[in-house]
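Have a look at the structure below before the remarks.
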């Protein structure tokens, strides 16, 4: 899935969790911006350095737009495949979650944005282009029958679902405010 959609889904997830916690009278709240950051973190980690290498290559003339394609990625993207294994692993995420819990002496629930990113990517990536190594380093199993998030119909469905989600969240918030005012 694209990074903008990952950011929005993580933000929506945090809002939904906050609403549920609020209904239960819990004082804990997820920081929506941090959750959104962690929702995009796996792709930032995997692709920022290779993207920068590609931009430098384009500026310097060592690579051209004509040579870049889905099957012919610039050299820096070899690094992306390695980083991708770590940032898109539920095993690595669980290790980071546990270590951050121990260090901060409380669970850092905002890291759920990272887990959500991985869970969304498992079925929305095809085996030919960055399949999600969610069990790395324990297993190299990857879901083989994903749907490409880059296909036009998937993007339309995804953004319509995001729009519906945010409209619902907004409508429920306004309805809740109107009930508390009366």
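Based on the Cβ-Cβ distance from residue 105 to residue 20, what FRET efficiency comes out when R0 is 30 Å, to the nearest 0.05?
Computed FRET efficiency for residue 105 and residue 20: 0.80.
What do you get for the angle between helix 3-23 and the principal long axis of the chain? Use alpha-carbon atoms, 0 to 90 degrees, nearest ten.
Between the helix axis and the principal axis of the chain, the angle is about 20 degrees.
Given only helices, namely DSSP H runs of n ≥ 4 each adding -39500 (n - 2.57), what is the per-residue ellipticity at 222 nm of the chain, to the nearest 500 deg cm²/dmol?
Mean residue ellipticity, 222 nm, calculated: -22000 deg cm²/dmol.
Return a whole-number percent for the relative contact order of the chain, with Cα pairs under 8 Å and 6 or more residues apart as the contact set.
Over the chain, the number comes to 24 percent.
Describe numerically, in nm with one decimal, the distance between label points set 7 Å from Cα along Cα→Cβ at residue 161 and at residue 52.
3.3
Figure the gain on full extension for residue 141 and residue 31 (residue separation times 0.36 nm, minus the Cα-Cα span) and round it to one decimal in nm.
The span from residue 141 to residue 31 would gain 36.3 nm if fully extended.
Please list 110-116, 28-34 highest first by mean number of surrounding beta-carbon atoms within 10 Å per residue.
In descending order of packing, they fall as 110-116, 28-34.
Give the peptides 124-130, 159-165 in descending order of average Cβ contacts within 10 Å, highest first.
Going by the mean number of other Cβ atoms within 10 Å, highest first, we get 124-130, 159-165.
Please check which bits of the stretch 109-143 a label hung off residue 78 would reach, taking the label as a point 7 Å along Cα-to-C-beta and the cut-off as backbone N under 19 Å.
Under cut-off, by backbone N: 130.
Would you mind giving the average projected area, over all directions, of the Cα convex hull of the stretch 3-175 in nm² with one decimal?
Approximately 12.4 nm², given one-decimal rounding.
Who wins for biggest fluctuation among 45, 141, 171 in a Gaussian network model of the chain, springs between alpha carbons below 10 Å?
Maximum among the listed residues: 171.
Just so you know, all these numbers are worked out from the coordinates, no wet-lab data involved. All values reported here derive from a predicted model rather than from experimental measurement. As a convention, Cβ positions derive from the backbone with ideal geometry for all residues, glycine included, and neighbour counts pool all protein chains shown.
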